[in-house]
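I have placed the structure first, in the form of structure tokens, so that the comments after it can refer back to it.
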Amino acid sequence: WGYLGCIATTRKPRAGENWNRGNDLADGGYCKETWREIKDDILAYELVKVVRNSPNKD
């Protein structure tokens, strides 16, 4: 029926590196479940922890 696969590449290198990191994401048959797994992998790849840097933290 078909196949879905996806890869991800960072937009810019990390500090001290001169290459962009990449990662294989989910793959599988052409179906809604594979699409959901790819979507979830993309979200996990893009999410970053935000740290609040404030001297007035409570």
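Contact order normalised by length for the chain, with contacts defined as Cα pairs under 8 Å and 6 or more residues apart; what percent is it?
Working: 59 pairs, mean separation 18.0, N = 58.
Worked out over the chain, it gives 31 percent.
The rule of thumb for compact globular proteins, 2.2 N^0.38 Å, goes into the C-alpha radius of gyration of the chain 1.61 times.
Enumerate lysine pairs in the chain that are 8 or more residues apart or on different chains, then count those whose Cα atoms are under 29 Å apart.
Values: K12/K39; K12/K49; K32/K49; K39/K49; K49/K57.
For the chain, the number of qualifying lysine pairs is 5.
Projecting label points 7 angstrom from Cα along Cα→Cβ for N23 and W35 puts them 2.3 nm apart.
Overall, the chain carries a charge dipole of about 380 debye about its Cα centre when +1 sits on the Cβ of Lys and Arg and -1 on the Cβ of Asp and Glu, all other atoms neutral.
In the chain, the sites counted are chymotrypsin sites (Phe, Trp or Tyr not before Pro) in DSSP loop states with at most 15 other Cβ atoms within 10 Å, and the longest stretch holding none of them, exclusive of the sites, is 31-58. Estimated from helical segments only, the mean residue ellipticity of the chain at 222 nm is -8500 deg cm²/dmol, where each DSSP H run of four or more residues counts as -39500 (n - 2.57). The GluC sites (Glu not before Pro) of segment 9-43 meeting both criteria, a DSSP state outside H, G, I, E and B (loop) and at most 14 other C-beta atoms within 10 angstrom of the site's C-beta, are E17.
For segment 48-53, the Karplus equation 6.51 cos²θ - 1.76 cosθ + 1.60, evaluated at θ = phi - 60°, returns couplings of 10, 6, 9, 10, 7, 10 Hz by residue, with Gly and Pro reported as x.
We did not get these values from a lab; they are worked out from the coordinates using the rules stated. Since the model is a prediction, treat every value here as computed from it, not as a measurement. Positions of Cβ are generated from backbone atoms using ideal geometry, with glycine treated the same way; all protein chains shown enter the neighbour counts.
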